[in-house]
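Below is one structure, written out as structure tokens; comments come after it.
The values are calculated or read from the model by the stated rules, or taken from the named source; none is laboratory data. Computed from a predicted model, the values in this text were never measured in an experiment. Glycine also receives a Cβ, built like all others from the backbone with ideal geometry; neighbour counts cover every protein chain displayed.
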Amino acid sequence: MRFSELCMFASNLFEGKFEMTRWVTVNSNPNHSINLGHTIPGSFEKNFTFGNSFKEIKETIKMKRVPFTEIENFEIPETCAFTVESRLSDFKKPYLPSVYFHFIVCFDKGKKTILENYNEVFKVLGMDFMNVK
């Protein structure tokens, strides 16, 4: 499946289940009206290198992501990982907070796993303030 197909499937699913009238996305490209997330660099490329310095690694992660948008023709390979970062708002009820989903979908030789609890990651990184109590 291509990101464009999956993105439109998700959009139709959200619109069918919620009174959602607006997507709120972190997206600087005006050609994309829907942005659900991005690939995780290194999860599907062969012989991928991030670089040696923090700056090189940060720039590689930033520049090598494939956006999860309605126009992206990236075909999801058998082994791959990508984030889903949906932010939904309702224009009809602007007093309601946005709904936010954030998880990682991982495919390992076609077997899917969804990672959605980051508490252990936050602990390891010393970011306990991020854990919901």
Legend entry - Checking Ile57 against (1) of a type in the set (Val, Ile, Thr); (2) closer than 20 Å to Tyr118 by Cβ; (3) at pLDDT below 90, the condition it does not meet: (3)
Legend entry - Close pairs from segment 108-129: first modelled with pLDDT under 80, partner in a strand (DSSP E or B), Cβ under 8 Å, at least 6 apart: none
Inset, instruction - Filter segment 79-108 down to the residues that are closer than 28 Å to Asn47 by Cβ and touching a Lys or Arg at 6+ places or on another chain (Cβ under 8 Å), then identify the one that is surrounded by the most Cβ atoms within 10 Å (Cβ to Cβ). - result: Val105
Legend entry - Neighbours by Cβ (under 9 Å, 6+ apart or cross-chain): first from segment 67-81, without any contact (Cβ under 8 Å) to a residue 60 or more places away in the chain; second among the basic types (Lys, Arg): Glu78/Lys109; Thr79/Lys109
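Inspect all residues belonging to segment 104-118 and state whether any of them is among the acidic types (Asp, Glu) and part of a strand (DSSP E or B). Please lay out each step first, then the result.
As a first pass, look at segment 104-118 and keep what is among the acidic types (Asp, Glu): 108, 116.
After this cut, where a residue has to be part of a strand (DSSP E or B) as well, the list is 108.
Within segment 104-118 (the criterion being among the acidic types (Asp, Glu) and part of a strand (DSSP E or B)), the answer is yes, since at least one residue qualifies.
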Inset, instruction - Search segment 79-103 for residues being outside any strand (DSSP E or B) and either within 22 Å of Arg65 (Cα to Cα) or touching a Leu at 6+ places or on another chain (Cβ under 6 Å) (or both), and hand back the single one that is modelled with the lowest pLDDT. - result: Asp90
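For segment 67-78, state whether one or more residues are of a type in the set (A, V, I, L, M, F, W, C), in a loop (DSSP other than H, G, I, E, B), surrounded by fewer than 17 Cβ atoms within 10 Å (Cβ to Cβ) and under 14 Å from the mean Cα position of the chain (by Cα). So that I can check it myself, show each step before the final result.
Narrowing segment 67-78 to residues of a type in the set (A, V, I, L, M, F, W, C): 68, 71, 74, 76.
Then keep just the ones that are in a loop (DSSP other than H, G, I, E, B); that gives 71, 74, 76.
With the extra rule that they be surrounded by fewer than 17 Cβ atoms within 10 Å (Cβ to Cβ), the set shrinks to 71.
Checking the rest, the ones that are also under 14 Å from the mean Cα position of the chain (by Cα) come to none.
Within segment 67-78 (the criterion being of a type in the set (A, V, I, L, M, F, W, C), in a loop (DSSP other than H, G, I, E, B), surrounded by fewer than 17 Cβ atoms within 10 Å (Cβ to Cβ) and under 14 Å from the mean Cα position of the chain (by Cα)), the answer is no, since none of the residues qualifies.
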Legend entry - Which listed residue is of a type in the set (Asp, Glu) and either at pLDDT 90 or above or in contact with a strand residue (DSSP E or B) (Cβ under 8 Å, 6 or more places away or on another chain) (or both), from Glu15, Glu19, Glu75: Glu75
